[in-house]
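Scroll down for the structure; my scribbles are underneath it.
Taken together, the values in this text are just the output of simple stated rules run on the coordinates, not laboratory data. All values reported here derive from a predicted model rather than from experimental measurement. With ideal geometry, Cβ positions are generated from the backbone for all residues, glycine too; neighbour counts draw on all protein chains shown.
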Amino acid sequence: MPRHNDFNFDLYRMTIRDDESLLPFMGNRIRPDEEIIQVLKAACTGQLDFRREAANATYAWGLRDFTELPSEDYRETRTVAVTLAKATIEIDGVIFMPDTVEMGTSVAQPPPAHVVSLIFQMTRHLVAVEIKSTVTVGKGWLDALHDILRRAASELNFTSAIELQTKPQKSEILATFASFQRLTRIKVQLVLPNPELSRLTEALFNELRAGGIREYLADMRNPSGLNQEEQTLPHAAAAMAEDGYKKGEVLMEGVRDGRKEVVKTGTRPARGKVDGIKDFVRGQASTARTQEGKIITDAILKEIDRVSDDPGTA
């Protein structure tokens, strides 16, 4: 059972999606990491908060506390952190009045909030998202984050959007791929990698780049069975999806254990934990540059490498 002060996180891959409906003179596409960091910094303002009305409450999501995290062991890696807050603006219910209790709407000013930390490892475009049931259950937080980042990019005259895709657990997709005696179908929507490649994905990346393809909906089928060997297109697509360069699930159909099966995988992110540092992460803006802060940043980055299966060792 996790301890109260452990930093538990889910791992996501950061991708850049270009708006192909906009012409070049309408803005610039996000490319260097410095431009990604500009967007993250610009997103941490109340003007870009995202509001959502539920059946009996109104919530606001917002980014705050942009912070750069120096490191001792990862001196060439730029790491930044932001805080994602979910605030309750209004809530309907029984409210406490001076002389009675009655049904009504409670409005808090300033509103109470639950927060999580997001740690961006810029060299590998990996993001550790703190796990907290009051914030990260469901996809509401991710929809709000994408909306805030999209509007921040637009204000900076960019025609791209920064999005997070789940980075699956080690070998989850490839192990499922290999478990089929005969794989008759694999369907996945791939996003062009940036910046990480492994030996399993380099050839496919070069094909996509040569074709000017930023996204590729692969739906490969063969009733007699697809070629599942390394360096083939089906295997490379599965490997790229496992690296997190995909949208949504990976669907596979075929025969395994002697039975026809349909399997959907790749939607659950890899999960990591660093013991006893949650209090540091909460106060990162004031302690990040201390020696203790650098040591703890190193611990987070090492755990990101561990759960993501560093492609340098592939």
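Considering only DSSP states other than H, G, I, E and B, which GluC sites (Glu not before Pro) in region 190-262 qualify as loop sites with at most 15 other Cβ atoms within 10 Å?
Here the sparse-neighbourhood loop sites are GLU229, GLU230.
What is the Å³ per residue value for the convex hull set by the Cα atoms of region 172-265?
Value for region 172-265: 84 Å³ per residue.
With a cap of 15 neighbouring Cβ atoms within 10 Å, and only residues DSSP puts in a loop, list the trypsin sites (Lys or Arg not before Pro) found in region 40-93.
Those satisfying the criteria are ARG75.
DSSP loop (so not H, G, I, E, B), at most 13 other Cβ within 10 Å: list which trypsin sites (Lys or Arg not before Pro) in region 96-139 pass both filters.
When the trypsin sites (Lys or Arg not before Pro) of region 96-139 are filtered for loop state and at most 13 Cβ neighbours within 10 Å, LYS139 remain.
If I take all pairs of Cα atoms in region 63-186, what percentage of them are more than 17 Å from each other?
Looking at region 63-186, the distances longer than 17 Å represent 73 percent of pairs.
Name the residue, out of ALA288, ALA175, ALA113, whose mean-square fluctuation peaks in a Gaussian network model built on the chain with Cα pairs under 10 Å.
Comparing ALA288, ALA175, ALA113 in a Gaussian network model of the chain, the most mobile one is ALA175.
Return the sequence-ordered ³J(HN,Hα) values of region 113-129 in whole Hz as given by the Karplus equation 6.51 cos²θ - 1.76 cosθ + 1.60 applied to θ = phi - 60°, using x for Gly and Pro.
Each residue's phi maps through the Karplus curve to give 9, 10, 10, 9, 9, 10, 10, 9, 8, 6, 4, 9, 6, 10, 10, 8, 10 Hz.
Taking only Cα atoms, what is the 0 to 90° angle, nearest 10, from helix 233-242's long axis to the longest principal axis of the chain?
Long axis of 233-242 versus the principal axis of the chain: about 20 degrees.
Using mean projected area of the Cα convex hull in nm² as the read-out, say which of (1) 20.5; (2) 14.8; (3) 18.3 was calculated from these coordinates.
From the options (1) 20.5; (2) 14.8; (3) 18.3, the structure gives (1).
Residue by residue through region 159-174, which ³J(HN,Hα) values in whole Hz follow from phi under the Karplus form 6.51 cos²θ - 1.76 cosθ + 1.60 (θ = phi - 60°), with glycine and proline marked x?
Result, ordered by residue: 9, 10, 10, 8, 10, 10, 10, 4, 9, x, 4, 3, 6, 4, 6, 5 Hz.
Whole-Hz ³J(HN,Hα) for each residue in region 257-270, computed from phi via Karplus 6.51 cos²θ - 1.76 cosθ + 1.60 with θ = phi - 60°, x for glycine and proline: what do you get?
So the Karplus estimates, Gly and Pro as x, are 6, x, 10, 6, 9, 10, 10, 10, 8, x, 8, 8, x, 4 Hz.
Between MET240, GLN38, ILE300, whose Cα lies farthest towards the positive end of the dipole of the chain when Lys and Arg beta carbons carry +1 and Asp and Glu beta carbons carry -1, centred on the Cα centre?
MET240
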